[in-house]
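The values are calculated or read from the model by the stated rules, or taken from the named source; none is laboratory data. These numbers come from a predicted model, not from an experiment. So basically every Cβ, Gly included, is an ideal-geometry build from the backbone, and we count neighbours across all protein chains shown. Accessible surface is based on the protein model in full, side chains and every heavy atom, while ligands, DNA and RNA are left aside. Shrake-Rupley method; radii C 1.70, N 1.55, O 1.52, S 1.80 Å.
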Amino acid sequence: MTKEKLKVTIGTIEIKNPTILAAGILGQTGANLKRVLRSGAGAVVTKSIGPKPREGYSGPNIVQTPCGLLNAMGLPNPGMENMVEEIETVKEKGGTVIGSIFGEGLEEFKKLSRKMEEAGVDAVELNLSCPHAKKLSTIGNDPEMAERITKGVSKESDAPIWTKLPGNTNISNLLEVAQSVQKAGADAITIANTFPGMAIDARAERPVLGHETGGLSGPAIKPIALRLIYEVYKKVDIPIIGSGGVMNGEDMIEYLLAGASAVEIGTGIMWRDIDIFEKVCEEALPYLEDRSVTKLIGSAH
Amino acid sequence: MTKEKLKVTIGTIEIKNPTILAAGILGQTGANLKRVLRSGAGAVVTKSIGPKPREGYSGPNIVQTPCGLLNAMGLPNPGMENMVEEIETVKEKGGTVIGSIFGEGLEEFKKLSRKMEEAGVDAVELNLSCPHAKKLSTIGNDPEMAERITKGVSKESDAPIWTKLPGNTNISNLLEVAQSVQKAGADAITIANTFPGMAIDARAERPVLGHETGGLSGPAIKPIALRLIYEVYKKVDIPIIGSGGVMNGEDMIEYLLAGASAVEIGTGIMWRDIDIFEKVCEEALPYLEDRSVTKLIGSAH
Amino acid sequence: MEDFYHAEHRAEVLSIRKVIDETPSIRSIYVDSSKISSKSVPGQFLMVWVIGVDEIPMAVSKAGEDGTLGFSVERVGDATSKLHELEKGELIGIRGPYGNGFDLSGENLLIIGGGCGMAPLSFAAEEAVSEGKNVKFILTASTADELLFRSRLEKLDAELVTGTEDGSAGIKGVTPDVVRKINLGDHYDSCLLCGPEEMMTSTADLIDKKGIPIQVSLNRYMKCGVGICGSCSLDPSGLRVCIEGPVFQYEEIKDSEFGDYKRDSTGSKTGIQ
Amino acid sequence: MEDFYHAEHRAEVLSIRKVIDETPSIRSIYVDSSKISSKSVPGQFLMVWVIGVDEIPMAVSKAGEDGTLGFSVERVGDATSKLHELEKGELIGIRGPYGNGFDLSGENLLIIGGGCGMAPLSFAAEEAVSEGKNVKFILTASTADELLFRSRLEKLDAELVTGTEDGSAGIKGVTPDVVRKINLGDHYDSCLLCGPEEMMTSTADLIDKKGIPIQVSLNRYMKCGVGICGSCSLDPSGLRVCIEGPVFQYEEIKDSEFGDYKRDSTGSKTGIQ
Ligand SMILES: Cc1cc2nc3c(=O)[nH]c(=O)nc-3n(C[C@H](O)[C@H](O)[C@H](O)COP(=O)(O)OP(=O)(O)OC[C@H]3O[C@@H](n4cnc5c(N)ncnc54)[C@H](O)[C@@H]3O)c2cc1C
Ligand SMILES: Cc1cc2nc3c(=O)[nH]c(=O)nc-3n(C[C@H](O)[C@H](O)[C@H](O)COP(=O)(O)OP(=O)(O)OC[C@H]3O[C@@H](n4cnc5c(N)ncnc54)[C@H](O)[C@@H]3O)c2cc1C
Ligand SMILES: Cc1cc2nc3c(=O)[nH]c(=O)nc-3n(C[C@H](O)[C@H](O)[C@H](O)COP(=O)(O)O)c2cc1C
Ligand SMILES: Cc1cc2nc3c(=O)[nH]c(=O)nc-3n(C[C@H](O)[C@H](O)[C@H](O)COP(=O)(O)O)c2cc1C
Ligand code: FES
Ligand code: FES
């Protein structure tokens, strides 16, 4: 049966197909999340939620680049309190929901994770791509910090923990972080997030984004993210979720072959609209022939 | 005068306009370098040359991606002995030539740099983007190694030394390397090289490139490279050469505003042909109004 | 240059060609962009980059064949205040047009606008009249001074009714009062409605009872304009005002958050005023 | 899918539809790709991904309107040997077509081919004949067995002369010998020449003296096919065989490295054989 072939399991979670809504896209209201689930996504990740409502940066918050999109939203979110309500409206209707969280340190991550569990999420995704102590760097580039936070949260939580690592082209650094996070008990690793980037307007003679720099997503980054997955797959045994520039079925197959168990899709919605999830699955089917999706994972190695 | 406005100086070298042929594109024969100079480039960088002739990797050596190009040439080059001859044919005709070199360690870099000087190059570019001791990482991600090689070469050489750093999105790591390299006596820094990436064929179920992974160049990477320049400009006082996805005059202006003194152009030739250098200069002129190029450098900050 | 190089969602930075202070709180700004102007239809909006301040949505109030592109700004905060300070020759960035626009089919149109809602509606009225339709326009504001585009509408071959809350011009009262006071038939094929949300809900209620199909143009917090940030989505459908809107059939959104609440920049629920 | 998403220079992976062993050392391989076939003209080449081995340039030897795309491979090393092992149904990748192709203008064409050079030339001859031109084809090889596409050319409404070095078929001698031995007029508008480089230089010399404009199809080491790696460039002009070639007017390259040296995969100079 066609539909059966698309099923994948990520640790203990079974999802009906390997397309997942990426964090931060249409993800801060229950209505949005439900709409995306209705449009065919196997699961949805919420916007990354912090402890308090947060406004984010002034605009421009996005600007398109060749085959890519830069965004500097600044993690606007309604705060955990409000978000619990939104998630509950989704879980009432059914569907797999992953709660994404970001925090300033371990204690905050723990508290947020607990709240997410209470709200009924199926897994918690730790967004380690936000700059922390070090001004320009991120928690996810620091093996010790990444390990400490993953371990702290996963020890106390019943829900599976997915650790989301930033796109880091210093590959030996990334592999170290990935291995630390596995050791710390992560149930899956999501790679990558957006890649830091910027656009400058030649007439205005200043950066376009309100925050000056932002994160690059979309097809432009796919080759870079794909290679990170390919390398990380060789070094870890937990499932990997691929993220970066998935636009069509062929892209998803590439990610599966590289070693991803599923893909998160974000920016693709801008070009192919909300039913991209259904479209990607349809387009992937011919490549499967009579195999199930799981057979493909990592088989480009 | 229009032409005067385009002149820039990089340390002690004056070039007639800020467009430079990037290393590795059409750069291993004298005939090619001369053709590019005739087509309007302000200067040309040779292919990265090692001590001995080198075949490079089996094909496919390139594959296009959305708004980008992946290549895994494997640094094929005729070796320094043969290259000296080629460079001499260029210098006979005049024009600014930068000799790019790569080596296994300091001694090799020194020897190659000396040969380049003998051949008459105007500057030597150290390609620190090749994997060295550490299997997957590069010399250019290691502040100590980068410093040691830059210092060793620049102490013994009369020609200006440009250190070319890899695209490294771990920004604190990159800033450390850039500062070390400045301390070590580099006359300029070139950023970035290609970004590691890959493509997998969904039907063949294997990586497309013969070497599996390769380097991503072209418009896709421009936002990432531009931001690296923007950040490095804040931390160093030596000239920066921008490289990554320059396709038109507007792109060059963006790089200048971010802090680059000139740009290296490679992949753009695939789309806009060899006279891209002339085209880029033409297209940049309206943005200059009555100013000279030098006035724009860093003014997006 | 190759096709792929074209970044649709990147602002074109343009110098302001003309500013017109329309009312004490509303100014119109005009630029030249045939690229954007030629694609714009009434009801669509622009994302306007107020350089150094913010990027905000603004309805297209004029899109001429000569490339003229105009919008009209009510001063309410940082970005809109900055727009009120900018002069001819200064730079702003514009991307768009975005959204669906009004459906101008049918022969008889009723158009009702309040405050800054007049901006897209004047454009719609001009378009409809030029297509030979019968238009009745009800123009309302708090006071006579704030009646946006009054003279522009007076020039039009359309029936114009004005109303003000303080009675300083036309019929006295808030918009539904004005509608009630005039002898409005039910022969309209469509009613276009834009203004403050409270004005829209109360007026829509009235018009709906007459059985006239209503199109309302909504205003929600917008960060991206391209359908991915989710800040403009409506409960409970998840319809995005920037993509499926800003114009909705009243039927579609009658039972939504419309008239009840909206969301602020954090995504938290907040009152409609 | 958006236009920009199209990656022109990415191999299409296709299953082999047919293989034909043409001579002891040459095999033709056919796939279906109307995308590539419809764009191919005689003289252009493909970059053929021999999966797991290498990617190498191959002249188009057939491009049918039904999408048939063919090339003919001489076994000389790793990649070409692998191509001789592949069977129907197995996968290869193809991108292209690349290069300029022959100029088939004029009424009377002389076509001279040696060895594997026959591949693009047979395609050119068929195209020219179908356009109603007078074609004289001189087909040469080392021995009778290696006369590529002999029966294909015999079917054509063209004048065919064959020659072999060992005399096992047609006129005995190397290509210039064969040319000398037949009574060749000077009424040709153009001569198309392709084969081993030594054969091309010696033959071109002869034809050039008759004042016939010559087009030669060159063979240089190719890594990218898109004009950026520089491995196929000619001295002293820097002309790229993959972009400005592979077909050149003999005039253009008479005083170049052609016939003298070429470059190997390292970019070092090497003999032409
Ligand atoms: C589709 C659409 C069309 C619009 N057309 C017009 C128009 O033609 N003329 C006009 O004057 N106004 C229009 N608006 C409203 C206008 O966008 C806001 O008044 C403006 O963004 C306020 O910016 P500020 O920085 O001056 O105010 P702030 O001080 O930032 O905020 C004041 C209030 O404005 C609203 N607002 C702020 N930022 C945004 C935003 N990014 N998106 C939506 N609302 C925001 C919020 O309700 C906020 O409380 C339109 C809004 C939408 C959604
Ligand atoms: C435009 C063009 C069209 C060609 N058309 C045909 C054709 O229709 N039929 C045919 O049989 N051959 C053709 N060739 C030659 C063919 O590409 C080589 O024979 C083939 O690449 C050899 O690969 P290999 O791995 O079997 O040999 P290897 O063992 O790798 O090398 C054997 C020799 O082949 C040549 N060669 C190897 N790799 C390349 C390369 N990437 N590019 C160019 N030459 C190379 C070198 O001279 C080398 O010494 C063409 C070459 C060019 C440039
Ligand atoms: C507008 C926008 C907002 C995002 N917000 C978040 C976020 O809150 N948390 C997070 O982990 N990733 C966030 N991301 C990253 C995406 O989840 C995703 O990893 C990335 O965009 C790459 O995938 P894509 O190319 O399919 O968009 C955001 C991306 C975009 C474009
Ligand atoms: C085919 C190819 C070969 C390259 N070879 C080299 C090289 O030998 N040495 C080097 O420093 N950079 C090399 N590069 C990197 C370029 O010099 C340049 O930094 C990079 O491609 C980004 O610029 P672009 O987007 O304009 O191509 C190569 C790039 C390409 C595409
Ligand atoms: S403004 Fe971002 S989805 Fe509508
Ligand atoms: S094959 Fe690379 S330039 Fe011709």
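Worth pointing out:
- The selection criterion, being facing chain A (nearest Cβ under 8 Å) and within 15 Å of ligand 4 (Cβ to nearest atom), does not hold for B:Leu209.
- Strands (runs of 3 or more DSSP E) lying entirely in region A:1-113 (those with 2 or more residues that are open to solvent by 10 Å² or more (accessible area, probe 1.4 Å)): A:13-15
- Verdict on A:Val293 being more than 30 Å from B:Val232 (Cα to Cα) and within 12 Å of chain B (Cβ to nearest Cβ): no
- Considering residues of region B:160-195 that are in contact with an Asp or Glu (Cβ under 8 Å, 6 or more places away or on another chain), touching a residue at least 40 places away in the same chain (Cβ under 8 Å) and within 14 Å of chain A (Cβ to nearest Cβ) only, the residue farthest from B:Val124 (Cα to Cα): B:Ile171
- Here A:Ile224, A:Ile161, A:Ile189, A:Ile200 are screened, and the one residue that is more than 16 Å from ligand 4 (Cβ to nearest atom), touching a Leu at 6+ places or on another chain (Cβ under 7 Å) and more than 30 Å from A:Glu118 (Cα to Cα) is A:Ile200.
- Residue match in region C:56-76 (condition: within 16 Å of ligand 3 (Cβ to nearest atom) and under 21 Å from C:Glu244 (Cβ atoms)): no
- Selection within region D:59-78 - open to solvent by 10 Å² or more (accessible area, probe 1.4 Å) and either free of Cβ contacts under 8 Å to residues at least 60 places away in the same chain or assigned by TED's automatic domain parsing to the domain that holds D:Ser231 (or both): D:Gly64, D:Glu65, D:Asp66, D:Thr68, D:Glu74, D:Arg75, D:Val76, D:Gly77, D:Asp78
- Flag for A:Lys234 being facing another protein chain (nearest Cβ under 8 Å) and either under 16 Å from the mean Cα position of the chain (by Cα) or more than 13 Å from B:Ala258 (Cβ to Cβ) (or both): no
- Just so you know, in region D:259-273 the residues that are surrounded by fewer than 19 Cβ atoms within 10 Å (Cβ to Cβ) and not in a loop (DSSP other than H, G, I, E, B) include one that is nearest to the other protein chains (Cβ to nearest Cβ), and it is D:Lys269.
- Subset tally (residues that are touching a Pro at 6+ places or on another chain (Cβ under 7 Å) and open to solvent by 10 Å² or more (accessible area, probe 1.4 Å)) for region B:199-211: 1
- Test for D:Lys35: is it surrounded by fewer than 20 Cβ atoms within 10 Å (Cβ to Cβ) and without any contact (Cβ under 8 Å) to a residue 60 or more places away in the chain: yes
- Which listed residue is outside any helix (DSSP H, G or I), modelled with pLDDT under 95, not small (Gly, Ala, Ser) and not assigned by TED's automatic domain parsing to the domain that holds C:Pro42, from C:Leu192, C:Leu184: C:Leu184
- Checked across region D:45-57, the condition of being more than 24 Å from B:Gly56 (Cβ to Cβ) and free of Cβ contacts under 8 Å to residues at least 60 places away in the same chain holds for no residue.
- Tally, over region C:217-238, of residues that are more than 14 Å from chain A (Cβ to nearest Cβ) and either within 16 Å of ligand 6 (Cβ to nearest atom) or not hydrophobic (A, V, I, L, M, F, W, C) (or both): 2
- Some residue of region D:241-253 being open to solvent by 50 Å² or more (accessible area, probe 1.4 Å) and among the charged types (D, E, K, R): yes
Yes/no per residue for (1) of a type in the set (Ser, Thr, Tyr); (2) surrounded by fewer than 20 Cβ atoms within 10 Å (Cβ to Cβ); (3) free of Cβ contacts under 8 Å to residues at least 24 places away in the same chain:
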site: D:Asp189; (1), (2), (3): no, yes, no
site: D:Ile214; (1), (2), (3): no, no, no
site: D:Arg220; (1), (2), (3): no, yes, no
site: D:Ile228; (1), (2), (3): no, no, yes
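Condition check ((1) in a helix (DSSP H, G or I); (2) more than 12 Å from chain A (Cβ to nearest Cβ); (3) under 20 Å from A:Val36 (Cα atoms)) across all residues:
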residue	(1), (2), (3)
C:Thr201	yes, yes, no
C:Gln215	no, yes, no
C:Ile243	no, no, yes
C:Phe248	no, yes, no
C:Glu257	no, no, yes
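- Pair list, Cβ < 8 Å and 6+ apart or interchain, from region A:52-64 residues that are at the interface with chain C (Cβ under 7 Å from one of its Cβ atoms) and farther than 13 Å from C:Ile51 by Cβ to residues that are hydroxyl-bearing (Ser, Thr, Tyr) and not in a loop (DSSP other than H, G, I, E, B): none
- For region B:237-262, residues that are of a type in the set (D, E, K, R), open to solvent by 10 Å² or more (accessible area, probe 1.4 Å) and facing another protein chain (nearest Cβ under 9 Å) total 1.
- Subset tally (residues that are out of contact with any Pro (no Cβ under 9 Å at 6 or more places or on another chain) and surrounded by fewer than 24 Cβ atoms within 10 Å (Cβ to Cβ)) for region A:212-230: 1
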